[in-house]
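Below: one structure, written as structure tokens.
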Amino acid sequence: MMIVCNICNDNKWLYTKQGQIIPCECLKIKWVNELINKSGIPDRYASAFLSKVHPVLLKGLPETWHRVVEEGELPEYRRSGFIISSPLACGKSSAVGLYLVSIFRAMAERQIRPNSPSHQHLWCNWASEYDWFQQNCINTEDLNKKHNAFSNASIVILDNLGSESIKQESFASKQLNRIISTRYEKGKSTIVTTNLSKKQLLERYGDPLFNKLVKDSIFCEIKEKKQ
């Protein structure tokens, strides 16, 4: 039995096999696009190519990244984060964009729908989020919604950590500690890109936050772009 695809009408089909409906390719593409929109990943990273990632960085990326991007696997969501530290213009964000979109494609292939509560993903530029927290420090309802999103996501991308104009003990700095602490306690994966070295991250954010950030993460530090 074949059912006409409700996305492309008569160009593709949904097949039933042993009582299971298999999505056609255009429906999978629609799901991937929905996941991209829900995650907040910028367009330039959602459409990134391997050529955007510097060869030295590519070699230093964790095995998890290669399995997801090159082999189409789904990652272990629990405690499988990583931190990419490298100079500017190495393609850190492009590498993470490739990783996230590869997860979305793997979900579509496995018929995991975009609204699955166990597969939620959140991308944020930390400098922008930092400013948001500073501007909304008295809006309790919006703050709680924001923290729930950070807390519930299977994977959170903190892009450009360290680029914010940080003020020690500021309200926004405390929110970063809350985000990292909550995700650490829940064993959830956080992926970080930063221009700061491990030493600089420690100096900037202090022992407690730094230790929670790196304890269950693979730290990939590229010190220079020479091949």
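The values are calculated or read from the model by the stated rules, or taken from the named source; none is laboratory data. Predicted model only: the values in this text are computed from it and were never measured. We place every Cβ from the backbone using ideal geometry, glycine too, and count neighbours over all the protein chains shown.
Quick notes
- Here R204 meets the list (1) assigned to a loop (DSSP other than H, G, I, E, B); (2) charged (D, E, K, R); (3) in contact with a Gly (Cβ under 7 Å, 6 or more places away or on another chain) almost entirely, failing just condition (1).
Per-residue answers, yes or no, for (1) touching a helix residue (DSSP H, G or I) at 6+ places or on another chain (Cβ under 8 Å); (2) over 19 Å from S217 (Cβ atoms); (3) in contact (Cβ under 8 Å) with a residue 24 or more places away in the chain; (4) not in a loop (DSSP other than H, G, I, E, B):
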site: L35; (1), (2), (3), (4): yes, yes, yes, yes
site: Y45; (1), (2), (3), (4): yes, yes, yes, yes
site: S51; (1), (2), (3), (4): no, yes, no, yes
site: L88; (1), (2), (3), (4): no, yes, yes, no
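- The set of residues from the range 119-166 being in contact (Cβ under 8 Å) with a residue 40 or more places away in the chain, part of a loop (DSSP other than H, G, I, E, B) and hydroxyl-bearing (S, T, Y) comprises just one member, S154.
- Unmet requirement for I179, which otherwise passes all of (1) at pLDDT 90 or above; (2) touching an Asp or Glu at 6+ places or on another chain (Cβ under 7 Å): (2)
- Of all residues in the range 67-84, those that are aliphatic (A, V, I, L, M), touching a strand residue (DSSP E or B) at 6+ places or on another chain (Cβ under 6 Å) and in a loop (DSSP other than H, G, I, E, B) total 0.
- Being farther than 27 Å from R44 by Cα, among the β-branched types (V, I, T) and either in contact with a Phe, Trp or Tyr (Cβ under 8 Å, 6 or more places away or on another chain) or outside any strand (DSSP E or B) (or both) is a property that holds for V214.
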